[in-house]
Amino acid sequence: MTVTERAEDVWRGTEASDLDAFLAAYCADTRPVGRVVHAVCALCGNGVFAVLVDDAEGVAGRVCLRCGDRRWMLDSADHADAAALVPAECPCGGEDFDVAVGFSVDARGAVSYVHIALRCLADGTMGVYADWPQDSAPPADLLALV
Ligand SMILES: [Zn+2]
Ligand SMILES: [Zn+2]
């Protein structure tokens with residue numbers, strides 16, 4: 001694992017698991033992340049995706065770059081009708097990402113906030129491309145909907 005934080009606050013990682021440390025640091029001062037789950041394609045097992053987000057609406061979807069499988073992330077399907085999705089794009093122009101979701105958990109153990117973190121495969125830059133407060137009644141399998 002190699003995580004570097006540069007002066008201008010750009011985080012870079014060399015592998016998908018570096019998103020864990022990035023999310024922990026990114027959220028430490030606001031809503032500490034209690035759990036990180038990495039996205040893995042249910043059909044082919046691949047872990048690299050193109051990602052579509054509407055950060056205002058709180059919607060994200062991912063497309064497996066090996067087999068083309070498309071999935072809504074988290075409870076996005078419930079809000080997709082109102083969404084205007086745009087492709088997530090790294091400042092370098094890269095659109096191929098490792099994907100992980102950081103879950104903030106409240107005192108009762110319920111998920112209160114979700115953060116969608118991506119690591120660009122081209123240059124390793126990591127960022128949170130969408131985050132939103134979780135509905136009061138999330139799906140029971142929310143942590144599996146990454
Ligand atoms: Zn796949
Ligand atoms: Zn990049």
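Just so you know, all these numbers are worked out from the coordinates, no wet-lab data involved. Quick caveat, the model's predicted, so the values are computed rather than measured. Don't worry about glycine lacking a Cβ; one is built from the backbone with ideal geometry, like all the others, and counts go over all protein chains shown.
See the values below:
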item: Computed [θ] at 222 nm, deg cm²/dmol, the chain (DSSP H ≥ 4; -39,500 (n - 2.57); rounded to nearest 500); result: -2000 deg cm²/dmol
item: Two-site FRET efficiency, Ala144 against Ala56, from Cβ-Cβ distance with R₀ of 35 Å, rounded to 0.05; result: 0.85
item: Cα-based shape type of the range 21-69, given that a ≥ b ≥ c are square roots of the gyration tensor eigenvalues and the cut on a/c is 1.5; result: oblate
item: Distance in nm between pseudo-label sites at Ala122 and Glu15 (7 Å out along the Cβ direction from Cα); result: 2.4
item: Shape category assigned to the range 72-120 from the gyration tensor of Cα positions, a/c cut at 1.5; result: oblate
item: Normalised contact order of the range 21-130, rounded percent, pairs of Cα under 8 Å and 6 or more residues apart; result: 26
item: Per-residue HN-Hα couplings for the range 98-115 [Karplus 6.51, -1.76, 1.60; θ = phi - 60°; Hz; x = Gly/Pro]; result: 6, 10, 9, 10, x, 9, 8, 10, 7, 4, 8, x, 8, 5, 9, 7, 10, 10
item: Karplus-derived HN-Hα couplings along the range 87-97 (A = 6.51, B = -1.76, C = 1.60, θ = phi - 60°), whole Hz, x at Gly and Pro; result: x, 5, 9, 5, x, 7, x, x, 10, 10, 9
item: Under-5 Å amide H pairs with Val146, H placed in peptide plane, nonlocal only; result: Leu74
item: Cα shape, the range 1-101, gyration tensor, a/c 1.5 rule; result: prolate
